[in-house]
Structure formats: structure tokens, C-alpha cells
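See structure below.
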Amino acid sequence: MAQQRLNDGDSDGARRYAVKALALDEACAPAYNALAILDLKEGKAGEAEVMVRALWEKAPEHFPLIIPML
């Protein structure tokens, strides 16, 4: 849902869904990806880096999801 909200231009909704997803599953790669994209769009490179590193630590098998945006 976070990615769909992101695609629809609903940044607040995307962030809410991503945070909820991570509360349910701390290894939810699409949630980390959505949050990193949102942080970059908002000029928060440091926070985006935290999301990228968290994805690497929690779900390294899904790290390729984030490579296109790097």
C-alpha cells in the first residue's frame, strides 16, 4: 500500500503505510524502500541513508530493490 500511495503522489499516506508495515514486520523491504524514496524527495538524505542501511541489515536479500534509486 505504501508504494501505491507513493505512486499516487500521497506522501503522507505512503509514510503512514510504510511505518505501519515496519511495525508489523521489521524486515519489510518495500516499506524501507518507500521511506527512503520519501526522505530523498524531502531532502532528508541522512534519513534516507538510515532506511537503506536498515534494509541492508534486516533484509539483505531484498537490497536489489533499492539499487535503482542509488
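The values are calculated or read from the model by the stated rules, or taken from the named source; none is laboratory data. Here the structure is a predicted model, which is why all the values come from computation and not from measurement. When we count neighbours, we look across all protein chains shown, and the Cβ atoms used for this are built from the backbone with ideal geometry, even at glycine. Note: areas computed on protein heavy atoms with side chains; ligands, DNA, RNA excluded. Shrake-Rupley method; radii C 1.70, N 1.55, O 1.52, S 1.80 Å.
Looking at P68, P60 in this structure, which one is open to solvent by less than 90 Å² (accessible area, probe 1.4 Å) and not small (G, A, S)?
Sole residue among the options that is open to solvent by less than 90 Å² (accessible area, probe 1.4 Å) and not small (G, A, S): P60.
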* Output yes when any residue across segment 10-18 is aromatic (F, W, Y), assigned to a helix (DSSP H, G or I) and either surrounded by fewer than 15 Cβ atoms within 10 Å (Cβ to Cβ) or touching a His at 6+ places or on another chain (Cβ under 6 Å) (or both), and no when none is. => no
* Asked: How about segment 42-57: which of its residues are surrounded by 13 or more Cβ atoms within 10 Å (Cβ to Cβ) and either in contact with a Leu (Cβ under 6 Å, 6 or more places away or on another chain) or farther than 19 Å from A14 by Cβ (or both)?
  -> A48, M51, W56
* Hey, any hits in segment 20-41 for a residue that's touching a Ser or Thr at 6+ places or on another chain (Cβ under 8 Å) and open to solvent by 50 Å² or more (accessible area, probe 1.4 Å)? -> yes
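Quick one: which residue in A21, A27 is under 12 Å from the mean Cα position of the chain (by Cα), aliphatic (A, V, I, L, M) and in a loop (DSSP other than H, G, I, E, B)?
After applying the criteria, what remains is A27.
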